1. Just for segment 14-29: of the residues that are open to solvent by less than 60 Å² (accessible area, probe 1.4 Å) and assigned to a helix (DSSP H, G or I), which one is nearest to Ser107 (Cα to Cα)?
2. Which of the residues that make up segment 75-86 are within 24 Å of the chain's Cα centre (by Cα) and closer than 17 Å to Leu140 by Cβ?
3. If I filter segment 126-147 for residues that are open to solvent by 70 Å² or more (accessible area, probe 1.4 Å) and touching an Asp or Glu at 6+ places or on another chain (Cβ under 8 Å), do I get at least one hit?
4. Looking at segment 66-94, I want the residues that are in contact (Cβ under 8 Å) with a residue 40 or more places away in the chain and under 21 Å from Leu127 (Cβ atoms) and have a partner that is part of a helix (DSSP H, G or I) and small (Gly, Ala, Ser) with Cβ atoms under 7 Å, at least 6 apart or on another chain. Which pairs are those?
5. Quick test for you: out of Leu127, Leu138, Leu120, pick the one residue that is within 17 Å of the chain's Cα centre (by Cα) and closer than 16 Å to Val91 by Cβ.
6. Does any residue in segment 12-36 that is touching a residue at least 60 places away in the same chain (Cβ under 8 Å) come within less than 7 Å, Cβ to Cβ, of a residue that is assigned to a helix (DSSP H, G or I) and among the charged types (D, E, K, R) six or more places away or on a different chain, and which pairs are these?
7. Would you check which residues across segment 66-80 are open to solvent by 80 Å² or more (accessible area, probe 1.4 Å) and part of a helix (DSSP H, G or I) and list them?
8. Restricting attention to segment 121-150, and to residues there that are among the hydrophobic types (A, V, I, L, M, F, W, C) and not in a helix (DSSP H, G or I), which single residue is nearest to Val73 (Cα to Cα)?
Amino acid sequence: YGRNHRRGTVASELVWIGSALYLGPLALAFYNRSTRAASDAATPSPGTEPRAAAGLAGGTASAAAHLVGVPLVVLSGLTIAGIDLWVMIIVIAVLATVLLVGYERASRRPGAVPVGTAVLVAVLTVLAFDVGMGGWMLVLHFNGLMPPAT
């Protein structure tokens with residue numbers, strides 16, 4: 001980044017920064033690899049991230065949704081059937097979907113991704129994540145292996 005190897009949009013830049021928060025040095029390796037692959041072009045065109053970076057937007061949206069959603073639910077005290085985990089899954093899913101729709105719209109050239117397509121991509125991505133991660137969290141919770149959120 002310091003050597004002026006920029007992504008095509010501000011949204012892509014934010015995804016790389018967010019990815020570094022949960023991938024650490026591995027994000028730097030992905031970033032360097034993607035900038036080398038795109039070094040023929042002076043500026044990468046919007047929406048042309050390498051395959052290694054294809055899932056980073058979903059991971060960053062999920063990480064940001066967790067950072068906002070978990071404290072929000074814990075501080076609000078909201079529960080469903082006396083369990084805050086249900087509310088957390090719903091709040092995190094909604095926040096991640098909103099962030100991904102915003103990313104899909106902002107990371108492409110104007111008008112390239114219809115709103116319906118952006119929403120569908122975001123919903124499918126979050127649904128796939130929630131089936132895996134949310135399901136695992138529920139298994140841990142109901143078997144007494146996960147401490148309550150604080």
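The values are calculated or read from the model by the stated rules, or taken from the named source; none is laboratory data. Remember, it's a predicted structure, so these values are computed and weren't measured experimentally. Cβ placement follows ideal geometry from the backbone for every residue including glycine, while neighbour counts extend to all protein chains displayed. Just so you know, the surface numbers come from the protein's heavy atoms only, side chains and all, with ligands and any DNA or RNA stripped out. Shrake-Rupley method; radii C 1.70, N 1.55, O 1.52, S 1.80 Å.
1. Val15
2. Residues satisfying the conditions are Asp84, Leu85, Trp86.
3. The answer is no, given that none of the residues of segment 126-147 is open to solvent by 70 Å² or more (accessible area, probe 1.4 Å) and touching an Asp or Glu at 6+ places or on another chain (Cβ under 8 Å).
4. Taking only residues 6 or more apart or on different chains, the pairs are Met88/Gly69; Ile89/Gly134.
5. Going through Leu127, Leu138, Leu120 in turn, the sole match is Leu127.
6. Note: no pairs meet the criteria.
7. Matches in segment 66-80: Leu67, Val68, Leu72, Leu75.
8. Here the answer is Ala149.
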